[in-house]
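J.: First, the structure itself, so that you have it in front of you.
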Amino acid sequence: MENTLVLQETHTPPMISQEEIHLTEKAASQVQKVKAENNIPENHALRVGIKGGGCSGFSYVIAFDDVQKEKDIILEQHGVKIFVDPKSMFYLGGTILDFSDGLNGKGFVFNNPKATKTCGCGSSFSAS
């Protein structure tokens, strides 16, 4: 009897840098759609950050901003410019920002590897 080893090709997700926020193509498409529907000028970047508050300690912040602050970290992914302040990046590094339009509702989803606890609505988190 012959031993046969069968290898299956698997999809390995790309390595995610812990120093960046990663925007999925679906999220980028939604950002462009929101900009167009609300007549937001092209020079406005997506500002991603955190603020104190929410039921778990920190709340996610997402908005459009045309002012780049002195210490902002600037990313560009899928044609979307992103501004992140250094304090937020400390807590959000490695996060994948996606967009969901499934049965549980529509909205941006933060998949944050540094979150140790999240609230039920997914808009706040705590980190150690």
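Taken together, the values in this text are just the output of simple stated rules run on the coordinates, not laboratory data. Note that the structure is a prediction, hence the values are computed from the model and not measured. FYI the Cβ positions are ideal-geometry reconstructions off the backbone, even for glycines, and counts take in every protein chain you see.
J.: Given an 8 Å cut-off on Cα distances and at least 6 residues of separation, report the relative contact order of region 22-118 as a percent. Walk me through the numbers before you get to the answer.
T.: On the way: 145 pairs, mean separation 28.0, N = 97.
This gives 29 percent for region 22-118.
J.: Still on this model: Once the Cβ-Cβ distance between GLN32 and ASN104 is put in as r, and R0 is 41 Å, what FRET efficiency do you end up with, to the nearest 0.05?
T.: E(calc), rounded to 0.05, equals 0.95.
J.: Taking the alpha-carbon distance from LYS33 and a cut-off under 20 Å, which lysines remain once sequence neighbours fewer than 8 residues away in the same chain are dropped?
T.: LYS81, LYS106
J.: Assuming a ≥ b ≥ c are the square roots of the Cα gyration tensor eigenvalues, decide whether region 22-118 counts as rounded (a/c under 1.5), prolate (otherwise, with a/b larger than b/c) or oblate.
T.: Note, shape of region 22-118 comes out oblate.
J.: Leaving out same-chain residues fewer than 8 places away, which lysines sit with a Cα under 21 Å from that of LYS87?
T.: Of all the lysines, those that pass the test against LYS87 - Cα under 21 Å, at least 8 places apart if same chain - are LYS51, LYS69, LYS71, LYS114, LYS117.
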